[in-house]
Amino acid sequence: MTNILHLRCSPRGAAAFSSRMAEEVVARLVQRDKAAEVVFRDLSAQPPPLIDAGFSAAILGPPGGTPPALAVSEALIQELEAADVLVIATPMHNYGVPAVLKAWVDQIVRIHRTFASTPGGKVGKLRDRPAWLVVASGGWFSGPSPAGTPAQPDFLTGYVRAVLSTIGIFDVHVLTLEGVTRGADIAEAAFVRARGVLERELPGM
């Protein structure tokens, strides 16, 4: 049985472009394993707590045990550890990740727990697994817009790849939906392109 962890990050909920495309990814995964279990977490509706002084002090303490300040972190890490596949649906906010996704990252990227610091650099302690990152943007960031407007900066996809690789997850697949606020035709074309990538990387049964 496949365990799928599905994270939603948009304040627009199920109506968000990223949410809608991610639902197609999850449906494709379930199609491949009818017994799959989906664990859904809406980070926008229930944001993870921000890092505070208690958290900072706890992670600098000796390894072992789970201080109360790390209880939420531990629960989120265990949820991720149990997942065979990770699906993240997120909008791009001001060229980067939404605050709620950054808060989740800060809870699960934890020294001694999900990565080790070594002379050769950070080494992830979690097992690798497929991760699907669905990114929706009102502008274009993978290249110029159809009108020739220069591509906007993208500090989201590289960042998410970097933090996931830090904890041991390297098998990252990215689906992009660009220009989705520029009209229904452009948005639909973005979905068609994303579905083409999905079909190539995760063929239907």
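Given the options 147, 131, 103, 116, name the one that is at negative phi and touching a residue at least 60 places away in the same chain (Cβ under 8 Å).
Working: 147 fails: touching a residue at least 60 places away in the same chain (Cβ under 8 Å); 131 fails: touching a residue at least 60 places away in the same chain (Cβ under 8 Å); 116 fails: touching a residue at least 60 places away in the same chain (Cβ under 8 Å).
The match here is 103.
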Item to complete: Among the residues of the stretch 59-75, count how many are aliphatic (A, V, I, L, M) and buried (at least 18 other Cβ atoms within 10 Å of the Cβ).
Response: 2
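Could you list all residues from the stretch 1-43 that are open to solvent by 50 Å² or more (accessible area, probe 1.4 Å) and in a strand (DSSP E or B)? Even if it seems obvious, please write down each step before you answer.
Of the stretch 1-43, the ones open to solvent by 50 Å² or more (accessible area, probe 1.4 Å) are 1, 11-12, 14-15, 20, 23-24, 27, 31-32, 34-35, 37-38, 40-41.
Once the filter is applied, which keeps residues that are open to solvent by 50 Å² or more (accessible area, probe 1.4 Å) and in a strand (DSSP E or B), the stretch 1-43 yields 37, 38, 40, 41.
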Worksheet item: If you take the residues in the stretch 98-110 that are among the aliphatic types (A, V, I, L, M) and within 23 Å of residue 123 (Cα to Cα), which one is most open to solvent (accessible area, probe 1.4 Å)?
Response: 109
Worksheet entry | Hits in the stretch 182-205 (condition: open to solvent by less than 30 Å² (accessible area, probe 1.4 Å), of a type outside the set (Phe, Trp, Tyr) and modelled with pLDDT of 95 or more) | 187, 190, 194, 196, 198
Practice prompt. Within the stretch 81-97, count every residue that is hydroxyl-bearing (Ser, Thr, Tyr) and open to solvent by 20 Å² or more (accessible area, probe 1.4 Å).
Written response: 1
Practice prompt. Tell me which residues, restricted to the stretch 154-185, are touching a Lys or Arg at 6+ places or on another chain (Cβ under 9 Å), part of a loop (DSSP other than H, G, I, E, B) and touching a residue at least 60 places away in the same chain (Cβ under 8 Å).
Written response: 169
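Give, as residue ranges, the strands (runs of 3 or more DSSP E) completely inside the stretch 76-153 that count at least 3 residues that are in contact with a helix residue (DSSP H, G or I) (Cβ under 6 Å, 6 or more places away or on another chain). Please lay out each step first, then the result.
Working: elements: 85-91, 115-118, 121-124, 131-137.
Strands (runs of 3 or more DSSP E) meeting the threshold: 85-91, 131-137.
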Worksheet item: Only one of (1) under 13 Å from the mean Cα position of the chain (by Cα); (2) open to solvent by 50 Å² or more (accessible area, probe 1.4 Å) is not met by residue 153, so which one is it?
Response: (1)
Response to the item:
Of the conditions (1) touching an Asp or Glu at 6+ places or on another chain (Cβ under 9 Å); (2) closer than 17 Å to residue 10 by Cβ; (3) open to solvent by less than 30 Å² (accessible area, probe 1.4 Å), the single one that residue 179 does not satisfy is (1)
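The values are calculated or read from the model by the stated rules, or taken from the named source; none is laboratory data. The structure displayed is predicted, hence computed values, not measured ones. For neighbour counting, all protein chains shown are included, and Cβ atoms are generated from backbone atoms with ideal geometry for every residue, glycine included. Surface accessibility is based on the protein's heavy atoms, side chains included, excluding ligands, DNA and RNA. Shrake-Rupley method; radii C 1.70, N 1.55, O 1.52, S 1.80 Å.
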